[in-house]
Structures are given as C-alpha cells and as structure tokens.
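Here is the structure we will look at, set down as structure tokens.
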Amino acid sequence: MLKREMQVNLKSFIVWTSILIIIFALVFAIYPSIMDNENIAMMEEFMNLFPEEIIKMFNMDISSLSSAYGWFKTEGLIFILLIIGVYAATLGSNILLKEESDKTIEYLASKPIRRNEIITSKILCGLFYISLMIILLFLFNFIGLSLIEDFDIKSFILLSLSPFLIALPIFFICMFISTFFNKTKKTFGIAIGLVFISYFFMILSNLNENTEVFKYFSLYTLADSREIILNNRIPIINVLIFFIIIIVFVLGIYHKYNRKELV
C-alpha cells in the first residue's frame with residue numbers, strides 16, 4: 001500500500017521540488033554578479049521608499065539584500081514557506097480523498113486492507129515527501145551558498161528547517177478536512193485558502209501592535225523567522241504547539257475516516 005502511494009505521488013513531488021530548486025539555482029547563479037557597490041546603493045535607496053511596516057514584514061529591517069544569504073532570509077524564505085505550504089496543503093487535501101474521488105476505494109475495499117492501513121500509508125507517504133523536499137532544498141541551498149559566500153550556518157540550518165513547523169500542521173489539517181468530503185475538487189480551494197489566509201494573518205500581525213493579535217490565528221507564526229534571525233533560536237512554545245496540532249489532527253483523521261461512509 002505504501003509503495004503504491006509513493007509511486008502515485010512521485011510526479012507531483014518532483015514538480016514542486018524542481019520549482020524551488022530552479023528558483024534558488026537562478027539566484028545563486030546571478031546574484032553575486034549583479035550585487036556590485038553601485039547596485040547595492042541603488043537597492044538601499046529604493047528600499048527607503050517603502051513604509052517601515054512593509055520593510056519589517058519581509059524581514060528587510062534586520063537582513064540586507066546585498067548578499068545571496070540576505071535574500072535567502074527575506075524573499076527566499078517567503079518563497080520556501082509559501083510553496084512548501086501550498087504543496088503540503090494540496091497533498092493533504094487529496095491524498096486520502098482521491099480514493100473516493102477516483103472510485104479506487106471500491107478496489108481497496110475488495111482487498112484485505114483495513115481503513116487504518118490506508119490512513120497510515122497516506123500519512124507516511126506525506127511525511128516522507130514533505131520531509132524529503134525540505135531536506136533536499138536545505139542541501140541544495142547549503143551547497144549553493146557555500147560556493148559563493150560566507151554565512152551563519154546555525155541560523156541557516158534553523159531557517160531551512162523551519163518549514164517543517166508549518167508544512168506538517170497544514171498537511172494534517174487539510175487531510176482532516178478532506179474526511180468531510182467525497183470529491184477532491186471541493187477541498188482544493190479550502191486547502192489553498194488556508195495557506196494564503198494563514199500567511200496573510202501573519203503579515204497583518206507584523207504591521208503594528210494593533211494587529212499583532214492576528215499572529216494567534218496563523219500557522220505561519222510557528223515558523224518565526226524574525227526570532228531565528230535575531231536570536232538564533234526557535235521558541236519552544238512554537239515546537240509544543242506544532243506537536244499538539246499534529247497529534248490532535250492525526251487522531252481526528254483516524255476517528256473520522258473510520259466512521260465515514262465511503263462511496
């Protein structure tokens with residue numbers, strides 16, 4: 001069952017991972033050549049045109065775009081968090097539900113396979129591909145940055161692993177939501193909406209003190225890049241919330257799916 005899941009989801013994994021690697025390959029290839037003193041000065045002058053809230057929103061107040069690593073900590077990390085978040089949401093919303101949507105659940109029902117086995121194989125497949133994507137991107141970026149400049153390795157490792165804190169909760173939440181539906185097209189919009197609304201709330205929370213409350217409604221708050229950049233640490237409370245979310249929704253998936261009428 002697990003082998004079948006790995007084969008079915010391999011193509012989408014390759015596509016999503018390739019997108020990220022191509023983006024960073026292009027940056028590492030051209031960034032050092034375009035970031036001369038003149039361009040750095042022009043960029044800093046251009047950044048002064050933006051409001052302080054916008055600069056803070058993208059961590060540009062604590063990290064300079066004058067280096068590839070500086071770009072990685074700002075715009076680069078945004079690409080990673082959003083793309084991996086969308087991949088995790090898409091995978092979670094259809095990996096379990098597609099058996100019903102594609103009518104293959106009838107085939108599985110004819111086999112001596114329990115529902116718990118189906119769920120477990122789906123979860124293990126999702127965990128494997130999400131983890132592999134993050135690890136491959138970490139290795140690629142580490143090699144790429146090492147070839148062109150010096151950088152803070154501890155901070156880089158924490159930033160590179162922080163997508164785990166949002167990708168896995170998103171995966172399990174979307175997988176749980178899918179147990180309430182019978183067609184993948186109904187859950188896709190919900191899953192994508194969850195990612196972008198969550199990210200939008202995080203952006204709102206960084207604008208000022210009045211909007212800071214929105215951080216409590218965003219999964220992206222778990223991957224607190226500002227805390228990592230400033231203090232080289234991931235808050236323990238974020239890690240605890242991460243595990244609580246996973247445990248609650250994994251239990252919810254098993255409970256709901258085992259009581260669901262499959263069509």
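Since every read-out is calculated from the coordinates, none of them should be taken as a lab result. None of these values were measured; they are calculated from a predicted model. Because the Cβ atoms are built from the backbone with ideal geometry, glycine has one as well, and the counts that use them run over all protein chains shown.
Below, the figures for the structure above:
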{"quantity": "Whole-Hz ³J(HN,Hα) from phi, Karplus 6.51 cos²θ - 1.76 cosθ + 1.60, for the stretch 9-22, glycine and proline x", "calculated": "9, 5, 4, 5, 4, 4, 5, 5, 5, 4, 4, 5, 5, 5"}
{"quantity": "Label-to-label distance, nm, for residues given as GLU261 and ILE62 (7 Å Cα→Cβ offset)", "calculated": "5.2 nm"}
{"quantity": "Paramagnetic reach from ARG115 (point 7 Å along Cα→Cβ, amide N under 20 Å) across the stretch 154-174", "calculated": "172-174"}
{"quantity": "With Cα atoms, 0 to 90° folded angle of helix 115-148 axis to the chain main axis", "calculated": "20 degrees"}
{"quantity": "When the stretch 2-258 is reduced to its Cα atoms, the Kirkwood hydrodynamic radius in Å", "calculated": "19.6 Å"}
{"quantity": "Spin-label zone in the stretch 182-211 - amide nitrogen under 19 Å from a point set 7 Å from the Cα of ILE241 along the C-beta vector", "calculated": "194-211"}
{"quantity": "Pairwise label distance in nanometres, VAL213 with ILE19, each label 7 Å out on the Cα-Cβ vector", "calculated": "3.4 nm"}
{"quantity": "18 Å Cα cut-off, lysine pairs counted over the stretch 2-258 (separation 8 or more, or different chains)", "calculated": "25"}
